[in-house]
């Protein structure tokens, strides 16, 4: 922190001071200053500079030792550097090709058409559901206590941990509020005939069902067609992003194909 403070002070001067040195390697105040994010408080800047300097020192120590330990042959990176450079040049060129966002603009009509087509291609429209359920023995001593908590929305939320402890003695349970499950899978899991929920879900639906010697206590928190998510703004924009990327990919492939044919026509390709 002392060095970092010195750094900030030296940055106000014309002379570029050395703030750290490892063997013959030096770190200057201007180099650290360039790394400081804008908008930080003085204390945050000092802390950031201190961490950067410590990291630089550790890296230099490691590099110095590596230079000592590795043979000249070990340090031949021409091939790797050439491949890395080619990759950077290629990616930079493709970025430049697709810089003009107007060329890949996707209208709302295109998005709606894609969503509509996707819906048409669905063979089966599955329902999804969020729920809690606990399966206990019909004569279980915890049945009534579980039901008391599970079927009261305030208690179900506030006493989640207690409910979890009680469920440890149950046959099986699922009390995750955030996970969406396929309704068909639930039917198979609980092994009882449940009707598809109907109506608006302004409040949870509570179901108590007996099957053999077991009792199912079920709270349906929310229910919808899997496709209703397609009406959300997030889904709409994700489809737009996908279409934009598709246009960019098609443009890049077309450009590569044109460049290939141009080079081939000019006799620049040999096999």
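Values quoted throughout were computed directly from the atomic coordinates according to the rules given, and no laboratory measurement underlies them. These numbers were taken from a predicted model, which means no experiment stands behind them. With ideal geometry, Cβ positions are generated from the backbone for all residues, glycine too; neighbour counts draw on all protein chains shown.
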Separation in nanometres of the label points that stand 7 Å from Cα toward Cβ, at residue 254 and residue 97:
1.2 nm
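Between residue 28 and residue 247, what is 0.36 nm times their sequence separation minus the Cα-Cα distance? Round to one decimal in nm. Let's see the in-between values first.
On the way: separation 219, 0.36 × 219 = 78.84 nm, distance 4.61 nm.
Fully extending the segment from residue 28 to residue 247 adds 74.2 nm.
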Alpha-carbon centroid distance for the pair the stretch 48-87 / the stretch 249-271, whole angstrom
37 Å
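Indicate the gyration tensor shape class of the stretch 41-112 (rounded, prolate or oblate), computed on the Cα atoms with a ≥ b ≥ c the square roots of the eigenvalues: a/c under 1.5 is rounded; otherwise a/b larger than b/c is prolate and the rest oblate.
Details: a/c = 4.87, a/b = 1.51, b/c = 3.22.
Oblate, because a/c is 1.5 or more while a/b does not exceed b/c.
If I stretch the segment between residue 208 and residue 17 completely, what's the gain in nm (0.36 nm per residue apart, minus their alpha carbon distance), one decimal?
Working: separation 191, 0.36 × 191 = 68.76 nm, distance 7.60 nm.
That pair, residue 208 and residue 17, stretches by 61.2 nm at full extension.
Can you give the relative contact order of the stretch 127-228 as a percent, counting alpha carbon pairs under 8 Å and 6+ residues apart?
With pairs under 8 Å counted, the relative contact order is 47 percent.
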Between the modelled labels at residue 177 and residue 270 (7 Å from Cα along Cα→Cβ) the distance in nm is 7.2 nm
Give me 77, 182 sorted ascending by neighbouring Cβ count inside 10 Å, so fewest comes first.
77, 182
To make sure I understand, if each residue's beta carbon is the centre and we count other beta carbons within 10 Å, what order do 136, 64 fall in, fewest to most?
64, 136
If neighbour count is taken as other Cβ atoms inside 10 Å, put 268, 247, 15 in order from fewest to most.
15, 268, 247
